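The values are calculated or read from the model by the stated rules, or taken from the named source; none is laboratory data. Computed from a predicted structure; not experimentally measured. Protein only, heavy atoms only, side chains kept; ligands, DNA and RNA dropped before computing areas. Shrake-Rupley method; radii C 1.70, N 1.55, O 1.52, S 1.80 Å.
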Amino acid sequence: MAAKKAYCNCLNTIKPVRDTLDVINGKWKLPIIISVGVGNERFTDIQESIPGITPKVLAKELKDLEQHQLIKRVVVDDYPVKILYRPEPYADTLTPIIHALKDWGLNHRQKIFEKE
């Protein structure tokens, strides 16, 4: 009976974690969210702030993040037309996760390099 309970408890954690990873997983999504979150609104500014990302990949990832309501595409009807990307308020819910990942990464790097 205890094994069944542990199995259920494990699934209760795994399923929402998998859902989260489905949204923010990959090499580029979190860097894009961070870039837009610090004020990079234009496509080229976002691309320049993330070394190695291609325009094709950036465009695809921005569309995915827009679908998940984390980033908003804003069309400024001017001449020439401007396309801006802004964080949705919902993206703020990722801030503590991003800070926790940053802290863990810094601690992990220090732990690994101390051993050498």
Seminar exercise, completed: Listed by chain and number, the residues whose amide H is under 5 Å from that of Ile71, excluding neighbours fewer than 5 places away on the same chain and using placed H, are Glu66, Glu88
Problem set entry | Span-rule helices in the chain, defined as complete DSSP H runs reaching 20 Å or more along the axis (Cα) with Kyte mean at least -0.5 | 2-24
Exercise. Aspartates and glutamates near Lys111 by alpha-carbon distance under 18 Å, same-chain residues fewer than 8 away left out - which ones?
Worked result: Asp103
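When the helix-only estimate is applied to the chain (DSSP H runs of n ≥ 4, each -39,500 (n - 2.57), divided by the residue count), what is the mean residue ellipticity at 222 nm, nearest 500 deg cm²/dmol? Please report the intermediate quantities before stating the final value.
On the way: 5 runs with 73 residues, N = 116.
Calculated at 222 nm, the ellipticity per residue is -20500 deg cm²/dmol.
Give me the accessible area per residue for the chain, probe 1.4 Å, as a whole number in Å².
77 Å²
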Seminar exercise, completed: Diffusion coefficient in µm²/s returned for segment 76-116 by Stokes-Einstein, Kirkwood Rh over C-alpha pairs, 10 °C and 1.306 mPa s, is 118 µm²/s
Problem set entry | Given Lys27/Lys60; Lys29/Lys60; Lys15/Lys56; Lys15/Lys63; Lys15/Lys60; Lys15/Lys102, the pairs whose alpha carbons are separated by over 19 Å | Lys15/Lys56; Lys15/Lys63; Lys15/Lys60; Lys15/Lys102
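Can you bin segment 43-92 into rounded, prolate or oblate? Criterion: square roots of the alpha carbon gyration tensor eigenvalues sorted a ≥ b ≥ c, rounded for a/c under 1.5, prolate for a/b above b/c, oblate for the rest.
Details: a/c = 1.79, a/b = 1.04, b/c = 1.73.
It comes out oblate by the Cα gyration axes.
Using the scaling law 2.2 N^0.38 Å as the reference, what is the normalised Cα Rg of the chain? Let's see the in-between values first.
Working: Rg = 18.2 Å, N = 116, 2.2 N^0.38 = 13.4 Å.
My calculation over the Cα atoms of the chain gives 1.36.
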